[in-house]
Structures are given as structure tokens and as C-alpha cells.
Amino acid sequence: MLYRKIEKNGDELSVLGFGAMRLPTKNGRTDEKRATEQIRYAIDHGVNYIDTAIAYMNESLVGRVLNDGYREKVKLATKLPPWNVNKPEEMENTFKVQLDNFKTDYIDYYMLHGLNSSSWNKMLEFGALEFLTKIKAEGKILNAGFSFHGDKDTFKEIVDAYNWDFCMIQYNYLDEENQAGTEGLKYAASKGLGVIVMEPFRGGNLTRNIPAEIEELWNQSEIKRTPPEWALRWVLNHPEVTCVISGMNEEEHIKENLRIADESLPHSLTTEELELIGKVKDKYRELMKTGCTGCHYCMPCPAGVDIPRCFELYDTANTFGNKRYGQLQYAIGLGIINKGYASQCIKCGKCLEHCPQELPITELLDDVSNDMENILTKILPPVFKFYLSFDRMMTNRKANKK
Ligand code: SF4
Ligand code: SF4
């Protein structure tokens, strides 16, 4: 296993982190025995960063996995969900419950979860930065950070607003310009922050249902690698990346990722290999229905449409053949967290003049709305909102009993 040092705190993290978002299941529930064996196997082979979140509903399980001496071997990372905190005191309540979930006294890496412009403003208003400072001073968290899904400018604003130890960004060869992107990665690293990368496979888009045209390109390489190996090696080729999180749940994938993590030094890809990845990226862009690069220049939309996310999920559902995942993310993510469905477009035309790709945004949004808005977008947001308020009530109740 290779390790990379974070300038800010001196920690050396394994270049591969275990993401507990998609643990193995059996009969519709997490298969605890198998998850335990998998996570402990990864730790025994050098992984020292375990990432979860209260939103993944498995903190207690991860806490049990880390019994028998494994807690001391790893940096445990989890997150505070801004969308499920309605009052400043609920941050403290949520945190108390999280410590209890893990049966631990401290969290190594604690993040504000999935920040974008609106959740960042909400967190500022609630005094989240003061809250992080307080729990850090009390030794209840060792490092403060944030995970991010917004635009580049907001990313830089957040990086500059606090003495963060680390951040977590979505990054892969198709998202160089999307969200924080390469610019954000370099910016955060230049400030000494550890940068944890999530979604190296873009939610599985780069590793499943590979189109024949893409297969053909990969086959041109003299060295034969699987699509996940190309994707992981590309991320780790960047010296600014500290660690890449992979949501693993298959033993074979864990072994393959561990092998890749043993070999992926910064700048280890050759010029020819990088050119090949560039060709794959261009071909994917050609195949994608929208052609959106996720640059965010069209934002903000006065009607609240999250244009890049609408296009990203539409492409996920169609070009990448990941219909169910794309539609669920669209219904829940855009319906509740970002509140920016394509059908909200009022056709003011403001976005059109800002798109460097000159995309027919309004027409494409009509396609998105026709294809992605259905019974799920009507039913899921209210059901999920009800679940969130019930969950919030239970969290507050639990915290107050302590
Ligand atoms: S045309 Fe539609 S998507 Fe574009 S800025 Fe106006 S309302 Fe927003
Ligand atoms: S629609 Fe155009 S401006 Fe907006 S994110 Fe996509 S490529 Fe960028």
C-alpha cells in the first residue's frame, strides 16, 4: 500500500480508502458478516481510512466492524448532513448520536456533508464553523473538513473561509471541469489541505455498461487494464490527491483495488497512456446525450434549475445505462437537496449566452424533464422529507437522553 502525507496535519493516509456507502447486502439488508470481513481484509492489507456518513445509515455497523482493535488502526471519517439539520443545536445533537453510533470518543475526520452554495450558507448561518472549532478543541474530532458537490467559485470560497484540514471532492477523468474539478483540487492542495477523492468511477458510469467504442479505445493500449484500473490510476496520477475512496462490496474488486493502490505513484502514467485516457474522455463526451462538461458557467439560474446536475443525471440514466440510479438521484437529490428540476425552467434564456459549449440548454432541459420526471419525482420527495423529519426527531430525542 502506498501512503500520502497531508501537509496540514502530517497524517499519512493510504492512497485507497474504504467507502462504506455501498456495503454488500443479503436479503435486502447489509450483510454484516461479509462487510466485516471485507473491511478488515482491506485494513489488514494497509487501508487506513474508512469513510462513512450518518446518511448511509451504517455508522453503528461500521463501529462494530472496527471492534477487536481495528479502530486504532484507521482514521475514521464521517459527515454531518446539512439537509437534515434545522436548528443550530441539531448539529450538536447529530454529532452526539454519531459518537454513540460508533461507540467512540472521537472522530478522526469529520465533514460537513455535500456542501454547495445553499447548504454552505445555511451552515454559516447556523454557526457550523464555530461548532467545528469547539468540538475540535474538545478533542472530539481531530480534523475538520467538508465534502463538496457545488461549483468551483463556491469551493474556493469555502476553502478560504476556515482553517480546514481536508476536503473531499468528486473527481474522475470525466469531471476535470465539473464541480471543484482540477482547478479546485490544485487550489485545496496548494493550501496544504488533504484532498480525498470520491466517485473515481462516476457512480459506476466508467466501469459498467462500457460502450463498444470505448472498449475499442482501451484495447489500443499495449498494457491491458480494466476500466476501473484506468480510472483509479488516473486519479492517483495527480500528486495533489491524498486518497481515493472506493465504495467496495465485492472481494475481487477489493483485491484488484489493493493491487492498484500498491503501484499508483504520482505521475506514473506515461504521456501515451494519458493521451489514451484523453481519447476515451472525448469519446464519452461525444456519446453523452447532452455534451455538458459541468463547468457551471450557466449558473445560477433565476428559476433555481440545477442545470449541470440535471444534465449529469440525464446522461447517467441514458448514455451510461444507469437508469435507476440516475432517476433516484434526480428525484431525491434534485427534489429535496438542490431543489432544481428541469421542469422549473421558465425559458428566460439567461443561461444560453454563458455556455461555452453553446448547448441548446432549454431544449435539452425539455428532454430531461420528459425523460426523468415521472411518478418517482412526485412521490419520493414528500416520502423522503417525511423520513428526514422523523429521523431528525429521533436523533434529537436520542441526543437529549444522553
Ligand atoms: S432558460 Fe431556463 S434554465 Fe436557463 S436560466 Fe432561464 S430559467 Fe434557468
Ligand atoms: S450547460 Fe453549458 S455552461 Fe452549463 S454546465 Fe453544461 S457546459 Fe457548462
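The values are calculated or read from the model by the stated rules, or taken from the named source; none is laboratory data. Bear in mind the structure is a predicted one, so any value in this text is a computation, not a measurement. Heads up, the Cβs are rebuilt from the backbone with ideal geometry, glycines too, and the neighbour counts pull from every protein chain shown. Ligands, DNA and RNA are excluded from the accessible area calculation, which covers all protein heavy atoms including side chains. Shrake-Rupley method; radii C 1.70, N 1.55, O 1.52, S 1.80 Å.
Taking 0.36 nm per residue of sequence separation and subtracting the Cα-Cα distance, how much length would be gained by fully extending the chain between ASN219 and THR271, in nm to one decimal?
Full-extension gain reported as 17.0 nm.
Carbon and sulfur together cover what percent of the accessible area of the range 3-279 at a 1.4 Å probe radius?
The value for the range 3-279 is 48 percent carbon and sulfur by accessible area.
Report the trypsin sites (Lys or Arg not before Pro) located in the range 216-269 that are in a DSSP loop and have at most 12 other Cβ atoms inside 10 Å of their Cβ, or state none.
Passing both the DSSP loop test and the Cβ count: LYS224.
At 7 Å along the Cα-to-beta-carbon direction for both LYS33 and LYS279, put a label point, then send me their distance in nm to one decimal.
The two pseudo-label positions are separated by 4.8 nm.
So if I place +1 on the C-beta of Lys and Arg and -1 on the C-beta of Asp and Glu, and nothing else carries charge, what would the dipole magnitude of the range 241-289 be about its Cα centre? I want it in debye, nearest 20.
Dipole of the range 241-289, to the nearest 20 debye: 340 debye.
Need one number: % antiparallel among DSSP beta bridges in the chain, to the nearest 5.
Close to 15 percent.
Please report, in debye to the nearest 20, how large the charge dipole of the chain is about its Cα centre when each Lys and Arg carries +1 at its beta carbon and each Asp and Glu carries -1 there.
The dipole of the chain has a size of about 1620 debye.
With a cut-off of 8 Å between alpha carbons and a minimum separation of six or more residues, what is the relative contact order of the range 290-385 in percent?
Reported relative contact order: 34 percent.
If you plug each phi of the range 210-223 into the Karplus form 6.51 cos²θ - 1.76 cosθ + 1.60 with θ = phi - 60°, what whole-Hz ³J(HN,Hα) values come out, in order, with x for Gly and Pro?
Each residue of the range 210-223 in turn: 5, x, 4, 4, 6, 3, 4, 5, 4, 5, 6, 6, 5, 7 Hz.
Skip the ligands, DNA and RNA, and give the accessible area per residue of the range 173-281 with a 1.4 Å probe, whole Å².
On a per-residue basis, 41 Å².
How much of the accessible area of the range 290-385, probe 1.4 Å, is carbon plus sulfur, in whole percent?
After summing per-atom areas, the C and S share lands at 56 percent.
Skip the ligands, DNA and RNA, and give the accessible area per residue of the range 81-168 with a 1.4 Å probe, whole Å².
So the range 81-168 comes to 37 Å² accessible per residue, rounded to a whole number.
Out of the range 281-354, which trypsin sites (Lys or Arg not before Pro) are coil in DSSP terms and have no more than 16 other C-beta atoms within 10 Å?
Taking the range 281-354 and a limit of 16 other Cβ atoms within 10 Å, the loop trypsin sites (Lys or Arg not before Pro) found are LYS289, LYS339, LYS347, LYS350.
Apply the Karplus parameterisation 6.51 cos²θ - 1.76 cosθ + 1.60, with θ equal to phi minus 60°, to every residue of the range 266-272 and state each ³J(HN,Hα) to the nearest whole Hz, in sequence, with x for glycine and proline.
x, 6, 8, 7, 7, 4, 5
For the pair SER389 and GLU157, what calculated FRET efficiency results from E = 1/(1 + (r/R0)^6), where r is the Cβ-Cβ distance and R0 = 22 Å, to the nearest 0.05?
With R0 = 22 Å, the Cβ-Cβ based efficiency is 0.15.
Using a 4.7 Å Cβ cut-off, which Cys residues in the chain lack a partner cysteine?
Among the cysteines of the chain, those whose Cβ sits 4.7 Å or more from every other are CYS167, CYS243, CYS292, CYS295, CYS301, CYS310, CYS345, CYS348, CYS355.
Taking +1 at the Cβ of each Lys and Arg and -1 at the Cβ of each Asp and Glu, which of GLY145, LEU76, ALA128 sits farthest along the dipole of the range 29-175 towards its positive end, judged by Cα position relative to the Cα centre?
The listed residue farthest towards the positive side: LEU76.
Hey, if you put +1 on the Cβ of every Lys and Arg and -1 on every Asp and Glu Cβ in the range 290-385, which of SER343, CYS295, THR319 ends up farthest toward the positive end of that dipole?
Value computed over the given set: SER343.
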